[in-house]
Structure formats: structure tokens, C-alpha cells
Amino acid sequence: MRAVKIFAQDDLRVVDMQKPTAGPGEVLVQVKSVGVCASDVHYYAEGRIGDAVVTEPLVIGHEFAGVIAEVGPGVTNVKPGDRVAVEPGIHCGTCDMCEEGYLNLCRNMRFCGTPPFDGSMREFMAWPSHLVEKVPDSMTMDEAAMLEPLAVGVYAVEIAGDISGKTVCVLGAGAIGLSMMQAAKAAGCAQAFVTDKFPFRLDLAKKLGADQTFDASDPDLVAKVKQATGGRGPDIVFEASGENEAVCQAGEMVRPAGTVVIGGIPSDDLMSMPASTVRRKQVRIQMLRRSNKALRKSIELVADGKIDVASFVTHRFGIEQAEEAFITTRDHKDVSIRVVVEM
Ligand SMILES: [Zn+2]
Ligand SMILES: [Zn+2]
């Protein structure tokens with residue numbers, strides 16, 4: 001079978017690989033659609049995210065959906081032919097973090113497409129059956145692959161605290177930012193604002209329900225967002241751009257005693273904001289790590305028509321053109337939101 005591997009920084013190859021089989025408690029998923037995440041692009045463009053470094057060829061990819069091809073001994077929740085979305089992290093279930101319910105912070109996490117664990121950009125993948133969820137027939141495989149970034153947005157809203165009736169601002173209108181915005185609306189926020197540098201993304205944010213959008217490169221951005229809240233500042237700001245400038249904007253615009261949720265991944269692995277600004281306002285800063293038990297809820301939100309993830313997919317490439325998919329994402333070529341690789 002074919003697989004997309006990152007060998008080192010700027011070295012991506014489509015290679016042959018042995019087809020796996022489903023062991024006890026596992027399913028063999030025939031992968032259909034894989035989203036290219038900004039985090040995948042960090043491994044391609046920089047060869048690392050912080051201290052996670054590509055030292056051995058790594059099958060990349062973690063946003064994926066497919067069809068069950070085989071089930072191993074003991075599997076009862078799915079059968080061959082079922083269309084599934086996949087939880088990309090294998091948690092141990094026994095460490096202190098798992099016991100506290102933080103499956104996303106498992107100390108023994110094996111996360112798909114993160115060194116040294118191979119990811120999903122390949123034709124077949126063996127995976128624990130309890131980490132796959134059936135999706136309705138009405139859902140396309142591209143939509144099902146987008147449930148992974150959506151789950152991150154759903155979880156971000158969960159850890160932001162009580163959001164109903166609140167004013168929210170999301171910085172960055174990529175798939176994660178648009179997931180946060182839609183999840184915040186679905187959870188009953190009063191108003192959701194979105195900022196981005198690309199007009200195309202702001203248009204999509206509006207289409208998906210943003211109440212107001214702002215050009216992130218406007219030097220008066222913070223003042224304009226504050227003005228839109230009657231001078232008070234948004235109650236909750238979600239950072240989803242990975243730009244330190246946006247981290248600073250978040251701290252500046254949030255209201256006193258407000259919350260900033262930081263989900264972006266900075267390229268230089270550093271993050272800073274003026275201490276006086278956030279200290280004087282006693283801002284609550286909440287970091288976000290992937291998602292936790294949010295896949296089923298994400299499926300329901302899409303199936304019920306409350307959230308649109310189909311619009312995230314702006315570009316499609318075949319597996320042999322995988323590098324083009326990464327370059328398109330890296331360079332924001334043709335103003336992409338999510339690029340998918342179809343197997
Ligand atoms: Zn991702
Ligand atoms: Zn664990």
C-alpha cells in the first residue's frame with residue numbers, strides 16, 4: 001500500500017509500505033480522506049514541533065475518516081463496510097491523567113502522526129476499535145475527516161467556562177478557529193466575532209454564522225473589537241492563528257477578568273504578551289491541548305446541521321500529489337482553509 005512519509009524537514013515522499021492487519025480489539029480502516037493540519041505542516045516545513053522532532057521517516061496525518069475493511073478478534077462495535085470517524089490519540093486509560101478524565105493529557109499518549117507514532121496518510125490503518133465512531137450515511141468522508149479539528153473547537157469551548165450569553169472573539173479563521181466560532185454559537189454565546197488577515201476566510205466566517213468580522217492586520221483591530229462590545233472587550237477570546245501578534249491582541253482586547261484560550265501553535269515555540277496588560281485585568285489564560293472526548297458530540301453537531309464543516313475543505317489532492325497539498329497549506333495558496341488528501 002502507499003503511504004505519505006516525512007523523512008526530514010522539507011523532505012516528503014510517497015512510498016510503499018506493508019499493509020497492516022487488524023489484531024485483537026482492532027479494526028483495519030481503509031482510509032478515505034485525510035485533512036492536512038497546520039501541525040502536520042510544522043513537521044514538514046520545520047521538521048519538528050518544539051521537542052517533538054522527526055528523526056525517523058514518519059507517516060504523517062491525524063485528521064481522517066474511512067471505511068472498516070476488517071475487524072480483529074473481539075470487535076463488536078463496528079463491522080466491515082461501516083463508515084467511521086477516528087479518534088487519533090491512543091490513551092493508556094490507567095495513568096493519573098486518564099484517571100482524572102484528561103485523556104488528551106495521557107502520560108503514555110500515542111498520537112497518530114506525531115513522532116515516533118505513524119499517522120493516517122496511508123491506504124490502510126489498524127486502530128483500536130473503541131476509538132472509531134460510526135458516522136451517518138449523510139456525512140461525506142471529507143466531512144468525517146473534519147470532525148477531528150471540530151472536536152478541538154468543541155473542547156476549546158468546553159474549557160472556556162460558561163459561554164452562554166457571552167461575547168466571544170476568535171482570532172484566526174482556519175478550520176480550528178471556525179470550529180471554535182461555530183461551537184461557541186452552538187453553545188449559546190451571545191455574539192461571536194472573528195478576525196483574520198484573509199478576506200476569503202472572513203467571508204466564510206460570516207457565512208458560517210460570525211456576527212462580525214475584522215481584518216487582523218488592521219493596526220486599530222483591538223480598538224475596533226472593543227468598540228463593537230461597547231468598549232468593554234469580549235468576555236472570551238480564542239487564539240487560533242499561531243501568531244504571537246494575535247496572542248498579544250487577545251490579551252489586549254479581552255475584558256477584565258475575561259478568559260483567553262490559546263490554541264495556536266507558534267513556529268518558534270515561544271509565546272509572550274505584555275504582563276502589565278493581562279495582570280492588571282486579572283485575565284484567565286487557558287491553554288488548549290487537542291481535544292478530549294469530543295468526537296461523538298462533534299458528529300451530532302454536524303449531523304443535526306448545527307455546524308458546517310464541509311465548507312472547510314477548499315482543496316483536494318490525490319495521495320501521489322500529497323506534497324502539493326502540504327505546500328498549498330504552508331503557503332496559504334489560493335486562500336485555503338483545509339486541504340484534504342484523498343486516498
Ligand atoms: Zn490537527
Ligand atoms: Zn493515560
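Figure legend. Inter-residue proximity from region 161-179: first residues touching a residue at least 40 places away in the same chain (Cβ under 8 Å), second residues crowded, with 24+ Cβ neighbours inside 10 Å and polar (S, T, N, Q), beta-carbon distance below 6 Å, spacing 6+ or different chains. Indicated pairs: L171/T195; L171/S241; G172/S241. Checking the conditions here, which among E123, E63, E70, E100 is of a type in the set (D, E, K, R), in the same structural domain as I6 (by TED's automatic domain parsing) and within 14 Å of ligand 2 (Cβ to nearest atom)? Of the residues listed, the single one that is of a type in the set (D, E, K, R), in the same structural domain as I6 (by TED's automatic domain parsing) and within 14 Å of ligand 2 (Cβ to nearest atom) is E100.
In region 194-205 there is no residue that is in contact with a Lys or Arg (Cβ under 8 Å, 6 or more places away or on another chain), more than 13 Å from I337 (Cβ to Cβ) and buried (at least 22 other Cβ atoms within 10 Å of the Cβ). Can you confirm whether region 32-51 contains a residue that is surrounded by fewer than 22 Cβ atoms within 10 Å (Cβ to Cβ) and either among the basic types (K, R) or within 16 Å of ligand 2 (Cβ to nearest atom) (or both)? Scanning region 32-51 turns up at least one residue that is surrounded by fewer than 22 Cβ atoms within 10 Å (Cβ to Cβ) and either among the basic types (K, R) or within 16 Å of ligand 2 (Cβ to nearest atom) (or both). In region 37-70, the qualifying residues are those that are of a type in the set (D, E, K, R) and in a strand (DSSP E or B), and the one that is modelled with the lowest pLDDT is R48. Scoring G209 on the criteria (1) in contact with a helix residue (DSSP H, G or I) (Cβ under 7 Å, 6 or more places away or on another chain); (2) in contact (Cβ under 8 Å) with a residue 24 or more places away in the chain; (3) surrounded by fewer than 24 Cβ atoms within 10 Å (Cβ to Cβ); (4) on the phi < 0 side of the Ramachandran plot leaves a single failure, condition (4).
Among the residues making up region 207-231, a single one is in a helix (DSSP H, G or I) and under 16 Å from A175 (Cβ atoms): K207. Taken residue by residue, region 249-259 has no member that is touching a Pro at 6+ places or on another chain (Cβ under 9 Å), assigned to a loop (DSSP other than H, G, I, E, B), at pLDDT 95 or above and closer than 23 Å to S311 by Cβ.
Does region 115-122 contain any residue that is touching a Phe, Trp or Tyr at 6+ places or on another chain (Cβ under 6 Å), surrounded by 21 or more Cβ atoms within 10 Å (Cβ to Cβ), among the hydroxyl-bearing types (S, T, Y) and more than 21 Å from L301 (Cβ to Cβ)? Checked region 115-122: at least one residue is touching a Phe, Trp or Tyr at 6+ places or on another chain (Cβ under 6 Å), surrounded by 21 or more Cβ atoms within 10 Å (Cβ to Cβ), among the hydroxyl-bearing types (S, T, Y) and more than 21 Å from L301 (Cβ to Cβ). How many of the residues in region 318-333 are in contact (Cβ under 8 Å) with a residue 12 or more places away in the chain, touching a Phe, Trp or Tyr at 6+ places or on another chain (Cβ under 9 Å) and of a type outside the set (K, R)? So the answer is 6.
For beta carbons closer than 8 Å, sequence separation of 6+ or different chains, a first residue in region 80-98 that is assigned to a loop (DSSP other than H, G, I, E, B) and a second that is within 16 Å of ligand 1 (Cβ to nearest atom) and polar (S, T, N, Q), the qualifying pairs are P88/S120; H91/N104. Condition check: within 15 Å of ligand 1 (Cβ to nearest atom), assigned to a strand (DSSP E or B), closer than 24 Å to H332 by Cα and β-branched (V, I, T). Does V34 satisfy that? Taking the combined requirement at face value, the residue satisfies it. Go through region 261-309 and report how many residues are assigned to a helix (DSSP H, G or I) and either assigned by TED's automatic domain parsing to the domain that holds S336 or not aliphatic (A, V, I, L, M) (or both). So the count comes out to 8. Looking only at residues of region 105-114 that are more than 15 Å from ligand 1 (Cβ to nearest atom) and part of a loop (DSSP other than H, G, I, E, B), we find that the one that is surrounded by the most Cβ atoms within 10 Å (Cβ to Cβ) is C106.
Pairs linking a residue in region 272-291 that is touching a residue at least 40 places away in the same chain (Cβ under 8 Å) to a residue that is in a loop (DSSP other than H, G, I, E, B), with Cβ atoms under 7 Å and 6 or more positions apart or on different chains, are Q286/A160; L288/G263.
The values are calculated or read from the model by the stated rules, or taken from the named source; none is laboratory data. Since we're looking at a predicted model, the values are computed, not measured. FYI the Cβ positions are ideal-geometry reconstructions off the backbone, even for glycines, and counts take in every protein chain you see.
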